[in-house]
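The values are calculated or read from the model by the stated rules, or taken from the named source; none is laboratory data. Computed from a predicted model, the values in this text were never measured in an experiment. Note that each Cβ is placed from the backbone with ideal geometry, even for glycine, and that neighbours are counted across all protein chains shown. When the accessible area is computed, the model is the full protein with side chains, heavy atoms only, and any ligands, DNA or RNA have been set aside. Shrake-Rupley method; radii C 1.70, N 1.55, O 1.52, S 1.80 Å.
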Amino acid sequence: MINILGVETSCDETSAAVVADGRMIRAQVVASQIDIHRAYGGVFPEMASRQHILAIVPVVEETLRKAGVSWDDIAALAATHGPGLAGSLLVGVNVVKGLAWAAQRPMVGVNHLEAHIYANWLIEPPDAVFDPASLIARHPAPAFPLLCLIVSGGHTELIYMQDHMQYRALGRTIDDAAGEAFDKVARLMGLGYPGGPAIEQAASRGDPTAYDLPRAWLGDSYDFSFSGLKTAVLRLVQKVGGDDAPTAISRGKRTRVPAGVMRKINEADLAASFQEALVDVLVAKTAAAAAAYPVQEVLLAGGVAANKRLRQRMAERLSVPLRYPPPRLCTDNAAMVAAAAYFRYQAGERAAWDLDVIPALQLATSPPEKAI
Ligand code: KG4
Ligand code: ZN
């Protein structure tokens, strides 16, 4: 079996994992910074990189201990090198370089979006006593060609995959990402950070038809737009709140709606109506692409893929099977980095020692890594 040690530090989770054959998680540790950033209403980049520096060594040590492997058992190391926050990416990439140099093992640089997609290949063993080969054999991998909807805090992309690591971008957001819309609307409604889980929870008690919110169809394209939906929620709050209402949703700043305004709005109904409008568009466009392309299955990836309403509505609408990772593998984690790295490693890809971080790295245009 090929064990890869993956490291993820692109945003606000410090994580390491050992994954066998790109599929079975031997061990994973995720140190979340959510409690630190919550006070700022969003990710504070300098704070994030400092926290990664503090957490990364203990996180890697604990992962290796939990996996029960020595360096002899590790074939290669992998780090997310983009997209993400430069200062955060640097921590993971440089730690992996140091470890790879010390252990004399090859490195693979991983695109964070590709890692989210490959979370769909992962299997979590039920307990510590397992036979990796039979576990993998019992869990068929995703079948190509397939469609993947990546919905995270920074990205919303509809991708067609003919085979491993072959990406054709059918559509993407032209403004806010789906997770960004969840986070901004949650901030506007005073629901806290991160917004996705907070909105989902509030929405579970609400009526999704209570407020009439816009859906941006953008003609027949597979592109998305969520900024109009976000602004419609702001206008609604302003209409009810008058002078008390916020004038804008600013990033990184807490926009708490005065209690009086939120009393006049049914919070659960507004959360449910917003979530429904966003889910409607994601489902309709993905279903249209699934019907237009010869796909065997559809995958969901990224933090918003943890949303139960999205999973349920998507499964109901598609005529091909839908697959999604368990919630904790939808949000940022290192197991998905090790999974993606395995397929690149098997294809002969090795990162050079000058592997750099690329904060705006794109999926379809990922540069091929140079061989050592
Ligand atoms: O993939 P991810 O952990 O980080 C990025 O690569 O961006 O995604 C984080 C995003 C956040 O915007 C968060 O609000 C959203 O995923 N999210 C959710 C849920 N859980 C996380 N959105 C909707 N419903 C959820 N249950
Ligand atoms: Zn992510």
Restricting to the range 131-177, give me the number of residues that are free of Cβ contacts under 8 Å to residues at least 40 places away in the same chain and not basic (Lys, Arg). 7
Determine whether Ala31 is crowded, with 21+ Cβ neighbours inside 10 Å, in contact with a strand residue (DSSP E or B) (Cβ under 7 Å, 6 or more places away or on another chain) and of a type outside the set (D, E, K, R). no
Whether any residue in the range 51-69 is within 19 Å of the chain's Cα centre (by Cα) and in contact (Cβ under 8 Å) with a residue 12 or more places away in the chain is what I want to check. yes
Consider Ala202 carefully, then state whether it is among the aliphatic types (A, V, I, L, M) and touching a residue at least 40 places away in the same chain (Cβ under 8 Å). yes
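If you check Glu124 against the conditions, is it closer than 18 Å to Ser15 by Cα and either polar (S, T, N, Q) or within 16 Å of ligand 1 (Cβ to nearest atom) (or both)?
Judged against the criteria, Glu124 is not a match.
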Got at least one residue in the range 61-79 being of a type outside the set (Lys, Arg), over 27 Å from Asp127 (Cβ atoms), modelled with pLDDT of 95 or more and assigned to a strand (DSSP E or B)? yes
Checking the structure you have, find out if any residue of the range 95-103 is within 27 Å of Met165 (Cβ to Cβ), open to solvent by 10 Å² or more (accessible area, probe 1.4 Å), in contact (Cβ under 8 Å) with a residue 12 or more places away in the chain and within 16 Å of ligand 2 (Cβ to nearest atom). no
What tally of residues in the range 164-212 results from selecting those that are within 16 Å of ligand 1 (Cβ to nearest atom) and on the phi < 0 side of the Ramachandran plot? 33
Residue check, Leu361 against (1) in contact with a helix residue (DSSP H, G or I) (Cβ under 7 Å, 6 or more places away or on another chain); (2) over 27 Å from Ile199 (Cβ atoms); (3) outside the structural domain of Ile56 (by TED's automatic domain parsing); (4) within 14 Å of ligand 1 (Cβ to nearest atom), all met but one. Which one? (1)
Conditions (1) assigned to a helix (DSSP H, G or I); (2) surrounded by fewer than 24 Cβ atoms within 10 Å (Cβ to Cβ); (3) touching a Phe, Trp or Tyr at 6+ places or on another chain (Cβ under 8 Å); number of the one not met by Tyr118: (2)
For the range 273-325: of the residues being assigned to a strand (DSSP E or B) and open to solvent by less than 20 Å² (accessible area, probe 1.4 Å), which is farthest from ligand 2 (Cβ to nearest atom)? Glu297
Among the residues of the range 1-21, count how many are closer than 24 Å to Met47 by Cβ and open to solvent by 10 Å² or more (accessible area, probe 1.4 Å). 3
Enumeration of residues in the range 127-157 that are within 16 Å of ligand 1 (Cβ to nearest atom) and not charged (D, E, K, R): Cys148, Leu149, Ile150, Val151, Ser152, Gly153, Gly154, His155, Thr156
